[in-house]
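Engineer: Below you'll find the structure I mean.
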Amino acid sequence: MRITVTVDGTSYTDDVEPRTLLVHHLRERLGKVGTVVGCDTSNCGACTVHLDGHSVKSCSVLAVQADGCEVTTIEGLARDGELHPVQKAFHENHALQCGFCTPGMIMQSIDLLADNPDPDEQAVREGLEGNLCRCTGYQNIVRAVRDAAHEMRPGAGPEAERLASDTASHVGAGGE
């Protein structure tokens, strides 16, 4: 089946098997290996990406379901060599150890901040409950999300991604 999907501001048209998961399409066909395959059962959240500006676990979405949509991966967050404020906050707060869950945690955190630009500790914990980390104990992750919220006021999320994506597509980034 032929699909067209815009990933990190670049449009791609590909033939895919109808059963191909979005996570596998991103990694194997488009080289977006920052999107991690964790459990393949949607339990861990390591594969979280944004689909039309909202977080989804890409192991539970078929690539054909993303036809005509915009996907943002962890690789699409930095702009002009500058980390996204959430990426920066994770780095500054040591909110990772092995790093396996980090891409999904960051993508979910951005979606959380789009819905709640000033979450308290409990709201952060609830907003990230579908993303598992086996290393950190979550304290530094919660701290990072709250620090990013203060840095990003009035909020983050889909509109900021769309504006950045529009800028990238006008620069002439094009795919096949």
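The values are calculated or read from the model by the stated rules, or taken from the named source; none is laboratory data. Since the model is a prediction, treat every value here as computed from it, not as a measurement. Every residue, glycine among them, receives a Cβ derived from its backbone with ideal geometry; neighbour counts consider all protein chains shown. To get the accessible areas, we keep the full protein, side chains included, count just its heavy atoms, and leave off ligands, DNA and RNA. Shrake-Rupley method; radii C 1.70, N 1.55, O 1.52, S 1.80 Å.
Engineer: Before I look further, what does the chain give for accessible area per residue, probe 1.4 Å, in whole square angstrom?
Structural biologist: 50
Engineer: Could you list, bin by bin from short to long, the percent of Cα-Cα pairs of the chain in 5 Å steps?
Structural biologist: 1, 9, 18, 22, 20, 15, 9, 4, 1
Engineer: Ordered by residue, what ³J(HN,Hα) values in Hz, to whole numbers, does the stretch 144-153 give under the Karplus form 6.51 cos²θ - 1.76 cosθ + 1.60, where θ = phi - 60° and Gly and Pro are x?
Structural biologist: In residue order, the calculated couplings are 4, 5, 5, 5, 4, 4, 5, 5, 9, 2 Hz.
Engineer: Restricting to Cα pairs below 8 Å that are 6+ residues apart, what does the relative contact order work out to for the chain? Please round to a whole percent.
Structural biologist: 27
Engineer: Further question: Determine the principal axes of the Cα atoms in the stretch 65-140, then give the extent along each, sorted from largest to smallest and rounded to whole angstroms.
Structural biologist: That gives 37, 26, 24 Å along the principal axes, largest extent first.
Engineer: Mind grabbing the accessible area of E92 for me, 1.4 Å probe, Å², rounded to tens?
Structural biologist: 110
Engineer: Moving on to the next point. What whole-number value in cubic angstrom gives the convex hull volume per residue for the C-alpha atoms of the stretch 1-95?
Structural biologist: 96
Engineer: Still on this model: Remind me, relative contact order of the stretch 1-60 in percent, using alpha carbon pairs under 8 angstrom and six or more residues apart?
Structural biologist: Relative contact order here is 24 percent.
Engineer: Can you give the longest run of the chain that contains no trypsin sites (Lys or Arg not before Pro) sitting in a DSSP loop with at most 15 other Cβ atoms inside 10 Å?
Structural biologist: Longest gap between qualifying sites, sites excluded: 20-133.
Engineer: Still on this structure, I have one more. Kindly express, to the nearest 10 degrees and within the range 0 to 90, the angle between helix 102-115's C-alpha long axis and the longest C-alpha principal axis of the chain.
Structural biologist: Taking the Cα atoms of the chain, the angle to 102-115 is about 80 degrees.
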